[in-house]
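A short reminder: the numbers here are calculations on the coordinates, not readings from a lab. Nothing here was measured: the structure is a model prediction, and the numbers come from that model. Heads up, the Cβs are rebuilt from the backbone with ideal geometry, glycines too, and the neighbour counts pull from every protein chain shown.
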Amino acid sequence: MVCYDRAVLQRRRTAEAPACGAEPAYQAGATRPSRRWERAEHPYAGLVAVLATKHGKLPLIAPALEEAVGLRVEAVAVDTDSLGTFTGDIARPGPPLETAIAKARLGMSTTGHALGLASEGSIGPDPAMPFVTADREIVVLVDDDSGIVVWESHSSWDIVATATSVGAGCDLGAFLAKAGFPEHQLIVRPNVGAIRPIHKGISSVEQLSAAIAECAAVATDGLARVETDLRAHACPSRRAVIAAAAERLAGRIAARCAACGAPGWGRVGVLFGVPCAWCGTEVARPRAEIDGCPACEHRVTRPVVSPEDRADPGECPHCNP
Ligand SMILES: [Zn+2]
Ligand SMILES: [Zn+2]
């Protein structure tokens, strides 16, 4: 498993960096959250959240939340493709977290519910290892009654995502084995030139051959582009990552703030700076994580190295420039 926080750590050299999990929705001086959080029972027990999904994510996300806090999840069919697609025919409007929140709000506005869920995946070269494909899935809960947003993510290299360009009638045996076909479905489109037709959700050799012939015939180079269909219902290796992200979100929602009782307690930042063993210069390694509440200002710093720990001089900008 890859932890994208590593990439975050490498990018952010100093100070407190937002890491993951909670967006404080309350600015200083804003109204404090409701008193329902003071109850012992989990505030979401027995409530309904709507999951905006077009691609069958309910069984991936609902069980973890129901089990962890008794939140009931109902799917609402909204056209989340309007917020961008993997095939690129509709561009994504913003960073994945924003897209996930926008999806959740789409479900909420469609149904009138105050609690909404959605997920959003980013599949591409791992930032730290560009030759490896990584899948990072975000699952978000938006609570408009209380004004909080809680999210978690999970990243994995165990994603099947591959592509090739072929002419009609070519032998695809090795590619199909690598692509995990037919459990993993495929997309076929013209390789160069025409952008249509696009055939999605291909799960049989007959469909595949016909789609390749049709797309190769209209491509200016005579080839068809064949690639993994990354939509959740078509890509079982992605489904597993979404389910893992949902497990993490469920754990986070179950964790409540010691100060105000709000759900969603967890890591919100990282502190960097471990002294070099030779010269004492602070090396950009995490020394502590900051846990926080999505609803109030309560924060707790949790060291991840002991005070005696020193960084390898090989990492030091002074000793090893
Ligand atoms: Zn040094
Ligand atoms: Zn709090």
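Numbers below:
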{"quantity": "Segment 163-229: proportion of alpha-carbon pairs further apart than 13 angstrom, %", "calculated": "54"}
{"quantity": "Overall dimensions of segment 117-169 by Cα: Rg and Dmax, Å", "calculated": "16.5, 58"}
{"quantity": "Residues whose placed amide H lies under 5 Å from that of E289, excluding near-sequence neighbours", "calculated": "L271, R302, V304"}
{"quantity": "Label-to-label distance, nm, for residues given as A217 and D79 (7 Å Cα→Cβ offset)", "calculated": "2.9"}
{"quantity": "Over segment 218-281 - Rg/Rh using Cα atoms and the Kirkwood inverse-distance radius", "calculated": "1.34"}
{"quantity": "Extent along principal axes [Cα atoms of segment 134-194; Å; largest to smallest]", "calculated": "58, 29, 17"}
{"quantity": "Gain in span if fully extended, S109 to A259, counting 0.36 nm per residue against the direct Cα distance", "calculated": "50.9 nm"}
{"quantity": "Distance from segment 122-155 to segment 244-321 (C-alpha centre basis), Å", "calculated": "19"}
{"quantity": "Per-residue HN-Hα couplings for segment 109-123 [Karplus 6.51, -1.76, 1.60; θ = phi - 60°; Hz; x = Gly/Pro]", "calculated": "6, 5, 10, x, 7, 8, 10, x, 10, 7, 10, 8, x, 10, 10"}
{"quantity": "Segment 186-321 shape via C-alpha gyration tensor axes, a/c threshold 1.5", "calculated": "oblate"}
{"quantity": "Sequence-distant residues sharing a close amide H with G266 (under 5 Å, placed H)", "calculated": "G292"}
{"quantity": "Förster radius 35 Å - calculated FRET efficiency between C319 and A174, Cβ distance, rounded to 0.05", "calculated": "0.10"}
